[in-house]
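Down below is the structure, laid out as structure tokens.
The values are calculated or read from the model by the stated rules, or taken from the named source; none is laboratory data. If you're wondering where the values come from, they're calculated on a predicted model, not measured in any experiment. Reconstructed Cβ throughout: ideal geometry from the backbone, glycine too, with neighbour counts over all protein chains shown. Accessible surface areas use protein heavy atoms only, side chains included; no ligands, DNA or RNA. Shrake-Rupley method; radii C 1.70, N 1.55, O 1.52, S 1.80 Å.
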Amino acid sequence: MDDLFERTILIVDDEAVNREILATIIQPEYKVIFAENGKEALDKIHSNGSISLVLLDLLMPVMGGKEVLKTMNEEGIITEIPVIVLTSEKSSEIESLKLGAADFLTKPYDLPEVILARVRHSIQLFENSKILHATEFDKLTQLYTPDFFFEYASQFEKRFPNKVMDAVVVNFTRFHLLNQLKGRSFGDEILNAMADGIRKALLKTGGIACRHEADFFYLYIHHQDNYGIILEKITDSLSSLLKPSEIRLRLGAFSDSKQNIPMIQRFDHAVQACNSLRSKTSGSCNICVYDEKMAEKEVFDAKLIENFEAAIEQKQFKVNYQPKFNIKGDKPVLCSAEALVSWEHPELGRVRPDLFIPLFEENGLVTKLDRYVWEEAARQISLWKKELGITIPVSVNVSRVDIAAPDMTDFITKIVKENGLKPSEYMLEITESAYTSDSKHIIEVVENLRALGHKVEMDDFGSGYSSLNMLTSMPIDVLKMDKAFIRNIKPGNKEMKLVELVLDIAKNLEVPVVAEGVETEEEYKMLKDTGCDIIQGYYFSKPIPPSDFSKFV
């Protein structure tokens, strides 16, 4: 037998003849060691980490078998090593079972084949149980694994069909940022603390839980009218690791009193409710229960996904262009435009970008949509050059999903060449959050694009979580200020001071600033007086079809 899989059996009996009989039967398949009493047996159990089974006589001098079982119980060894009791007293069997014995061999012994079969069975049963236990629980949090979680939940439902149970999903938003900023081991501490809080919550609600993936936890609990106790317990567990402002929990729930949809689909609904939350702080405002409105949205989203391919083929997606004006001189001067997409759906009418772009980002369709827009924009720049005799540079949006595609740079280079454009005429807008999600890879891609001659704008600056010192390593040509900065600016107020701060940062970086979302003359004048370079927004124009764009030229 291969030593790697060799199993050792400890025979404990004070009579040499009994030890010899058992050894003769077992030795062809197992390594055998001996002890003459309970004390010697415990010493060998403590010193030998490879014992697979103990054959234990009950009546021995110095220390009997029952005392050995009690000690193994107290020390937790009984859960690691199975014990077959050797006895001629039937009355001792029940007591031995209570102490953790796995089986019995009755004296005088049965046929050798029977003894060997019972030894094999006990070892196999115990090893299978340990393997099962190891796969039953998540190694990190010791909550159930997803497979066992769904199996237990389904079994519970079969046994108690009239119990109203809830599917609950808890998530720590922007968990990847914690991993990046504080390290993987700290992230593991956070997950363990969340699991601990969930266990405490289950004492109140009843039910079971698992870590489904990354920082998503699933709970199958008795119906609750208020899920606040769950977030409260998790927050308490996290309080020793994080400040209150750093705890960003959200909870989605689905209650199905009729139990008329599959278990996994209930949790899909709970995930949808959880993902619909945009708040980043803990508390009751971060709880969402799946309802009819969300069900309607799910049907709506499914229809959009189903119709996507046809919409691409039939050019239902319309690319409009919002002009950008340089305001440094006496009069605003058209300097470029941003390509923005909308969907003219044959049944649903005009579908707003905020309804379909986040959806396509989630399922990966956004890459195909973006490339459609990129091609349309490249053709339009070329067409304007021919029709108007001038170049109107256009910027297109690039998501972090796009950047992850290995052929992205090649694709952009191809469409620029096919349309006879210079790279400087074709600009790229990348959101600040994309830079912070995988900064090393994105910086490498952006540097390659800039080396080819493209200008790169950091879009939505100020909406993400990048630190100011990160800006020094981020390759950018333009800072595009998030419209949330502009919305409430007044002379001397905090919002205006933030705008001034962004302009100072850009000045030090020697890059121009685009202010988007400018809607009023007051906003325009304040930004011009403060030194903003470029303006984009409804003050000048909404996004318009290319046929209407010539009026600005």
Taking the stretch 266-289, which residues are under 17 Å from E362 (Cβ atoms) and either in a helix (DSSP H, G or I) or modelled with pLDDT of 85 or more (or both)? F267, D268, H269, A270, V271, Q272, A273, C274, N275, C288
When V169 is run through (1) out of contact with any Gly (no Cβ under 9 Å at 6 or more places or on another chain); (2) hydrophobic (A, V, I, L, M, F, W, C); (3) farther than 29 Å from R7 by Cα; (4) crowded, with 19+ Cβ neighbours inside 10 Å, the failure sits at (1)
Would it be correct to say that N307 is at pLDDT 95 or above and farther than 23 Å from K139 by Cα? yes
Identify the residue in the stretch 489-516 that is among the small types (G, A, S) and surrounded by 12 or more Cβ atoms within 10 Å (Cβ to Cβ) and, among all such residues, is nearest to C335 (Cα to Cα). A515
If we keep only residues of the stretch 527-553 that are assigned to a helix (DSSP H, G or I) and either in contact (Cβ under 8 Å) with a residue 40 or more places away in the chain or small (G, A, S) (or both), then the residue most open to solvent (accessible area, probe 1.4 Å) is S547
Run down T87, T79, T173 and say which single residue is of a type in the set (S, T, Y) and within 18 Å of the chain's Cα centre (by Cα). T173
For V518, which of the numbered conditions (1) farther than 17 Å from F540 by Cα; (2) outside any helix (DSSP H, G or I); (3) touching a helix residue (DSSP H, G or I) at 6+ places or on another chain (Cβ under 8 Å) fails to hold? (1)
Determine if the stretch 47-57 includes at least one residue that is over 21 Å from R19 (Cβ atoms), free of Cβ contacts under 8 Å to residues at least 24 places away in the same chain and within 49 Å of the chain's Cα centre (by Cα). yes
Restricting the stretch 468-515 to residues that are assigned to a helix (DSSP H, G or I) and of a type in the set (V, I, T), the residue that is nearest to A434 (Cα to Cα): T472
Cβ-Cβ distance below 6 Å, separation of 6 or more or different chains: which pairs start in the stretch 363-386 with a residue that is farther than 17 Å from P423 by Cα and end on one that is in a helix (DSSP H, G or I) and not small (G, A, S)? L365/F308; V366/F360; V366/V401; T367/V401; T367/D402; L369/F360; D370/D402; Y372/I312
The stretch 1-13, subset modelled with pLDDT of 90 or more and of a type outside the set (V, I, T), residue nearest to M60 (Cα to Cα): D13
Report yes if some residue within the stretch 447-467 is assigned to a helix (DSSP H, G or I), modelled with pLDDT of 90 or more, in contact with a Phe, Trp or Tyr (Cβ under 9 Å, 6 or more places away or on another chain) and aliphatic (A, V, I, L, M); otherwise report no. no
